[in-house]
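Engineer: Quick one: the structure is below, questions incoming.
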């Protein structure tokens with residue numbers, strides 16, 4: 001491979017990708033080495049441009065279709081109720097505490 005083509009590959013952001021491609025295809029690398037210098041540089045630049053364009057335009061693939069399940073819908077969890085007071089029972093005076101605990105006891109006995 002001509003030294004100018006090697007320098008072009010080293011200086012380009014996608015040069016390493018093209019080097020890997022050429023290493024995997026020795027026939028193409030041999031053809032590139034046999035070309036005149038100007039033609040080898042032109043083809044290298046063209047290949048680098050194509051790689052750069054492909055990196056900016058990833059291949060669109062269709063998302064896989066999920067198989068529909070025959071399972072029944074999920075069960076609903078037991079609902080809890082939120083506390084109605086923002087003050088904890090331990091922070092209340094005795095009369096308020098006793099009133100709230102008596103109300104809770106009435107609801108529990110039902």
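The values are calculated or read from the model by the stated rules, or taken from the named source; none is laboratory data. Every value quoted in this text rests on a predicted model; they were computed, and no experiment measured them. So basically every Cβ, Gly included, is an ideal-geometry build from the backbone, and we count neighbours across all protein chains shown.
Engineer: Checking the structure you have, find out if any residue of the stretch 73-91 is at pLDDT 75 or above, over 35 Å from the mean Cα position of the chain (by Cα), surrounded by 10 or more Cβ atoms within 10 Å (Cβ to Cβ) and not in a loop (DSSP other than H, G, I, E, B).
Structural biologist: Yes; the residues of the stretch 73-91 include at least one that is at pLDDT 75 or above, over 35 Å from the mean Cα position of the chain (by Cα), surrounded by 10 or more Cβ atoms within 10 Å (Cβ to Cβ) and not in a loop (DSSP other than H, G, I, E, B).
Engineer: Looking at the stretch 1-15, which of its residues are in a helix (DSSP H, G or I) and farther than 15 Å from residue 50 by Cβ?
Structural biologist: Listed by number, the residues that qualify are 3, 4, 5, 6, 7, 10, 11.
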